[in-house]
Every structure is written in structure tokens, then in C-alpha cells.
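The values are calculated or read from the model by the stated rules, or taken from the named source; none is laboratory data. Because the structure is a prediction, the values reported are computed rather than measured. FYI the Cβ positions are ideal-geometry reconstructions off the backbone, even for glycines, and counts take in every protein chain you see. Calculation scope for accessible area: heavy atoms of the full protein, side chains included, ligands and nucleic acids excluded. Shrake-Rupley method; radii C 1.70, N 1.55, O 1.52, S 1.80 Å.
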Amino acid sequence: MTRNPRRADFPLLAANPDLHYLDSAATSQKPRVVLDAMREYYERDNANPHRGAYALSARATDRYHAARGRVAQFLGASDADCLVFTRGTTESLNLVASAWGHANLREGDEIVVTALEHHANFVPWQQVAIARGARFVVCPLTSDHRVDLDALRTLVNPRTKVLAFNHVSNALGTVNPVDRIAAIGRAVGALIVCDGAQGAPHLRVAFDTLDVDFYAFSGHKMCGPMGIGGLLGRRAILEAMPPYQFGGDMIEFVRDEESTWATLPHKFEAGTPNVGDAVGLAAACDYLDSVGLDSVLEHERALVRLATEKLRAIDGVCIYGPKPSERSGVVSFSVAGIHPHDLSTVLDQDGVCIRAGQHCAQPLMRRLGVSATARASFYLYNDEADVDALVRGVERAKEVFAGSELNENELVPCRGAR
Ligand code: 7TS
């Protein structure tokens, strides 16, 4: 079977023709153009930006500024100063929960999240709720694992100050209707926070017209390097928010008694910025645009459809989440009698990399009534050979474990599975 020609753009995949990398929801592979852009930056322009008056430092400053503009443009944000570079989604969400939450939440206020959240968009809100005496409310899901909008309408009320939800679920691939969810929070004046970790790599984001106050994302899931991501926010809210961290680069004046803050985005970027990774992330945006996000999603959905059909035909396989047309490139499943960790170990012997476990979504796993699932996630470099290797591996795992003692935890119920 001929492999996807895009594999040639990714040195790790090109060097390992037998590898079936199906864990892009955890992190994507990196195209050569991203690696080259970072190397070129370090070889030509590296210095600490915003500091030196010398030309090299000015070049580093320019590269950082240009990278911000490019990433903001990729995400449809016309005001690039409202893009704060962070280490990734986790830091972005902690920034909002901490800086906005501590300044604005009071006893009796309510924060609503959904049962589909990654811990990064669950625990920071839970903790700020505890610290501020606010109520933390978890919106339930429908039987096919989508956010229950009717339930959300009853839970959101004038005391709701924050509504936080993901664009796409990492554990199931469910694509959430951002505008419909946001509208429910808007009706009561809540802050709308969207975790875009699994959205930005697959779906075209138009932040200017998306009805959310904050959108968080990670570069490493969208062909960029690890260690950089961002937070897009509305200017008025960012300007009113106190800083999150203090130190160099984020101040205007420091007096002995008090200090004042730099303008956006520097107010939220204390310390030496991550220029090399920002340059890499900008190159990743160029790469994704050259492929076209629409065709990325179409390609992933075709593979998800194929994988779903083939896996469903295997006795004992349960697939979680909504139908392929309502998902991005994730297939979350279980095989009766085989723990997902064991399944993943058998698949690894065939060079098939999948994720097994709770996917940092314990509240969701509890609601599904399972201890873990196996998750295959697809991206633009995957192909039918990857699907076939996955399916062959699942069949082989069934043979390996045939007749073995079944452990109660390994018998995964198919409630809500398709
Ligand atoms: N939110 C979602 C929806 C995610 O999928 C992840 C990472 C995060 C937040 C946190 O992103 P980070 O870059 O700050 O770590 N998701 C996964 C995953 O599904 N497997 O490994 C990491």
C-alpha cells in the first residue's frame, strides 16, 4: 500500500517507514520546515529580545514580533497584541483562572465547566472556586457524549460568572458547537473560556468573530515545537486583568513601594520569551496553511470513518463518542476483556502508537463508567496503512488474550458506545 506522501515532510516519519503514529492528540510530529526555521533562528538571529540596543537583539525582537503576528493571523485574531505566548494550553488556562478568577470571583458566584474537559480546563477552575468560595458546577453529557445543551441552559444562571468548555474533546474527539454553548453563557454575562488545544490543530479558528473571551491552544499539537502555545483574549478584559507572573519584561516602572505594568501582551509575559519556539510555531502555521486546514479535517474524518467501520466489525469492540461527522481525528474505544494498557503494549510490538488511559479526563471516564479507553488519533500524515495496522493489531491482541482470566476492570461496559 502506498503511504501518505506527507510523511516525507516529517523527518521522524520518513526515517521510520514502518511506524504507525496514532497519538497526534497527545502531540503531533514536526515537519522539517519547522525544525529548519528554529535552527535558522538560532544560527542567525539569536539574542535576548527587548533588551539589547545592538542590532542582533533588535533582530531577535523582530523575529518574536513577526511570529506573534503570524500565529495571531492563523487563528483569525486581527489584534496580535491580544495573543499572549505561554508554555501551552495548561499555562494559558491557569493564567485566566488565576489572574481573572482571583480578581473577579466572589463567594456565591458560580463556575460552569463540562464533563468533557481535560484536567487543564477543570482543575484550575475547581481550585479557584474553592479559593474564592464560588460554586463549581459540571454540565452533564448526552448519551452520545456531547455537551447536554438543555442541561447547560438550566445550570447557567445570573450567578454564573465563568463558562469554560473545550472546542474539541481530547478523549473522544467530540467537536463542540462553540457558538451555541457560548450563547448560553453570554445570555447571563459570564466570561466565556474555550480550551482550543484540540481545536486549533484541526479546525479553522476565527477568533475575531468567535463569540468567546479567551481561546487557549498548544503549539506542539499543531506541528509546532513543545514549550510554546498561547492565549487569545479580548483586549478590554486583558487590560483590566492583573498580571499573572512578575519579573523582567512585564513592567513599566518599578518603585520601592509599587510597580506598574507594561502594555499588552508584555504584561502577561514575564521573563525571557521563548523566541525560538515562537519562530517554530509561526513556521507550523505556514505549513498548515500550505496544506489547508479544510483538507486536513476532511482527511482525518475519512480515516476516522474507516477506522470506526473496521473496528466496529470486530467482536467486543466498543467505540465512544459521537458519529465521525461530529468529531475530529479521534477514535476512542475499548475491547472487551483487554485492558487498554495491554492493548497498547501489543500494538506497540507492531509499531502502532496509540494512547491508553484516562486521557487526563477522569471526570469523563467516571461518567462513561470505564477506568480507561484506548485512543487512536489521526492527523494529516496518517493513511489507510495506519488504520489497517491498528485493526490488525487489535485482532492480534484478541488472539494473545483469548482465554485469559478476565478481570472485572477489564470488562469495559459499552454504555453509550456506538
Ligand atoms: N486541553 C485539551 C483538550 C488537551 O487535549 C490537552 C492535552 C490540554 C488541554 C493540555 O495541553 P498542554 O499542551 O498544556 O499539555 N492533551 C493531551 C492528550 O490528549 N494526551 O496528551 C496530552
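The figures follow:
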read-out	value
Test: residue in the stretch 215-225 that is assigned to a helix (DSSP H, G or I) and of a type in the set (D, E, K, R)	yes
Any hit, the stretch 188-200, residues being in a strand (DSSP E or B), of a type in the set (A, V, I, L, M), away from the ligand (no atom under 14 Å from the Cβ) and surrounded by fewer than 24 Cβ atoms within 10 Å (Cβ to Cβ)	yes
Of residues in the stretch 87-111 being open to solvent by less than 20 Å² (accessible area, probe 1.4 Å) and within 12 Å of the ligand (Cβ to nearest atom), the one farthest from Asn170 (Cα to Cα)	Leu95
Among (1) away from the ligand (no atom under 16 Å from the Cβ); (2) farther than 16 Å from Ala72 by Cα; (3) of a type outside the set (Gly, Ala, Ser), the one test that Met226 misses	(1)
Check on Gly173, crowded, with 16+ Cβ neighbours inside 10 Å, within 16 Å of the ligand (Cβ to nearest atom) and small (Gly, Ala, Ser)	yes
Scope the stretch 63-86; condition surrounded by fewer than 19 Cβ atoms within 10 Å (Cβ to Cβ) and within 16 Å of the ligand (Cβ to nearest atom); matching residues	none
Pick from the stretch 151-170, criterion within 19 Å of the chain's Cα centre (by Cα) and in a strand (DSSP E or B), ranking: farthest from the ligand (Cβ to nearest atom)	Leu163
Residue match in the stretch 259-272 (condition: over 21 Å from the mean Cα position of the chain (by Cα), assigned to a strand (DSSP E or B) and of a type in the set (S, T, N, Q))	yes
Matching residues in the stretch 206-231 - criterion: being out of contact with any Ser or Thr (no Cβ under 9 Å at 6 or more places or on another chain) and buried (at least 24 other Cβ atoms within 10 Å of the Cβ)	Val212, Gly219
Residue, farthest from Ala283 (Cα to Cα), within the stretch 19-33, restricted to residues that are away from the ligand (no atom under 16 Å from the Cβ) and out of contact with any strand residue (DSSP E or B) (no Cβ under 6 Å at 6 or more places or on another chain)	Leu19
Residue match in the stretch 363-371 (condition: over 23 Å from Ala200 (Cβ atoms), without any contact (Cβ under 8 Å) to a residue 60 or more places away in the chain, in contact with a Leu (Cβ under 8 Å, 6 or more places away or on another chain) and of a type in the set (Gly, Ala, Ser))	no
Any chance Ala26 is in a loop (DSSP other than H, G, I, E, B) and within 30 Å of Val391 (Cα to Cα)	yes
From the options Gly280, Gly292, Gly276, residue that is without any contact (Cβ under 8 Å) to a residue 60 or more places away in the chain and either assigned by TED's automatic domain parsing to the domain that holds Arg234 or out of contact with any helix residue (DSSP H, G or I) (no Cβ under 6 Å at 6 or more places or on another chain) (or both)	Gly292
Every residue from the stretch 1-23 that is part of a loop (DSSP other than H, G, I, E, B) and among the aromatic types (Phe, Trp, Tyr)	Phe10
Within the stretch 232-248, considering residues that are aliphatic (A, V, I, L, M) and farther than 16 Å from Arg68 by Cβ, the one least open to solvent (accessible area, probe 1.4 Å)	Met241
Of all residues making up the stretch 46-62, the number that are open to solvent by 20 Å² or more (accessible area, probe 1.4 Å) and part of a helix (DSSP H, G or I)	6
